[in-house]
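The values are calculated or read from the model by the stated rules, or taken from the named source; none is laboratory data. Computed from a predicted model, the values in this text were never measured in an experiment. Cβ atoms come from the backbone with ideal geometry, glycine included; neighbour counts cover every protein chain shown. Keep in mind that these areas ignore ligands, DNA and RNA; they rest on the heavy atoms of the full protein, side chains included. Shrake-Rupley method; radii C 1.70, N 1.55, O 1.52, S 1.80 Å.
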Amino acid sequence: MTEQTSSKSPSHIAYQVRDRKEQTGIWTRIGAAWPQKDGKGFNIQLDAVPLDGRITLRVQSEDKE
């Protein structure tokens with residue numbers, strides 16, 4: 001595997017997702033992730049640690065939130 005160039009922009013955004021009964025889940029942005037130089041993992045920075053729900057990493061889109 002070739003080395004990837006590092007970027008100041010994260011490749012993934014971390015969200016806390018809390019499911020609700022019969023409703024859409026609540027997604028809250030809580031951090032970001034950057035690929036490691038060797039391409040075999042990620043460095044994750046969380047601004048908050050959820051006590052419930054789950055953490056979901058999504059590829060950062062071109063659209064700004």
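Condition test on LYS40, is it open to solvent by 40 Å² or more (accessible area, probe 1.4 Å), at pLDDT 95 or above and in a loop (DSSP other than H, G, I, E, B)? Spelling it out, LYS40 is indeed open to solvent by 40 Å² or more (accessible area, probe 1.4 Å), at pLDDT 95 or above and in a loop (DSSP other than H, G, I, E, B). Residues in the stretch 7-16 that are at pLDDT 95 or above and farther than 11 Å from GLN60 by Cα were compared, and the one that is surrounded by the fewest Cβ atoms within 10 Å (Cβ to Cβ) is TYR15. Every listed requirement among (1) more than 15 Å from SER9 (Cβ to Cβ); (2) free of Cβ contacts under 8 Å to residues at least 40 places away in the same chain; (3) not hydrophobic (A, V, I, L, M, F, W, C) is met by THR56 save one, (2).
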